[in-house]
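What follows is a short report on a single structure.
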Amino acid sequence: MTIHRLSAFTCTLLALPLALLANNATAQSKSSKNACSEPNPTQLCNASNTCGSASTPCEVDVKRTADGASSTASTENAKSNALFCVKAGTTVIWKSTSKNIGFVVDPGPTSPFEPAGAIIGGSDRSVSVVAKTAGCYKYSAGACMSGAIYGMCKETSGEVIVISGN
């Protein structure tokens, strides 16, 4: 019997379709109570959930957990899958501090980040993007273990608010 092992990067490429499909399914299955459905979501931003600054990047740790996946921003009261805010112009570093994890973050069709599109990385490859467009955005994140077999990839969803840089 031959066992094939996949690198974290290869695993993320395989998880991309999962993340893209999960983004639509998760957005539809979430309850109606979420930040992006609020009339003025920027009012939810405060010092404890705002990440990074013009001189300090915001780091978001994407992990594969026992029962799913999580994304945790480096905020004062960091909680997995919690809403976080960044000011426009802030560099956001997507990474995984877990060993042998690959991830795909799908910010959706109207990405607030530059460069736009899927963010593909892993424990051996962090990815930097810059928050550009103010607004409230939903994203999905898929995480896979290197050498994963069927069912070892999981996904989560979250929300980020990009605050105007004024």
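Keeping to the stretch 139-153, report how many residues are open to solvent by less than 70 Å² (accessible area, probe 1.4 Å) and either over 13 Å from the mean Cα position of the chain (by Cα) or among the aromatic types (F, W, Y) (or both).
The initial filter retains those residues of the stretch 139-153 that are open to solvent by less than 70 Å² (accessible area, probe 1.4 Å), namely 139-144, 146-148, 151-153.
The next check asks that each one be either over 13 Å from the mean Cα position of the chain (by Cα) or among the aromatic types (F, W, Y) (or both); those that pass are 139, 144, 146-148, 151-153.
So the count comes out to 8.
Listed by first and then second residue, the pairs with beta-carbon distance under 9 Å, at least 6 apart or on different chains, first residue in the stretch 48-74 and under 12 Å from E155 (Cβ atoms), second open to solvent by less than 60 Å² (accessible area, probe 1.4 Å) and acidic (D, E), are S70/D61; S71/D61.
In the stretch 76-111, which residues are among the basic types (K, R) and within 26 Å of G147 (Cα to Cα)?
Within the stretch 76-111, the subset among the basic types (K, R) is 79, 87, 95, 99.
K95, K99, listed by residue number.
If the condition is being surrounded by 15 or more Cβ atoms within 10 Å (Cβ to Cβ) and either among the small types (G, A, S) or farther than 21 Å from V105 by Cα (or both), then the stretch 45-79 contributes C45, G52, A69, S70, S71, A73, S74, A78.
The values are calculated or read from the model by the stated rules, or taken from the named source; none is laboratory data. Everything quoted here is computed from the prediction, not taken from an experiment. Note: ideal-geometry Cβ built from the backbone for every residue, glycine included; neighbour counts use all protein chains shown. In case anyone asks, the SASA skips ligands and DNA or RNA and just uses the protein heavy atoms, side chains included. Shrake-Rupley method; radii C 1.70, N 1.55, O 1.52, S 1.80 Å.
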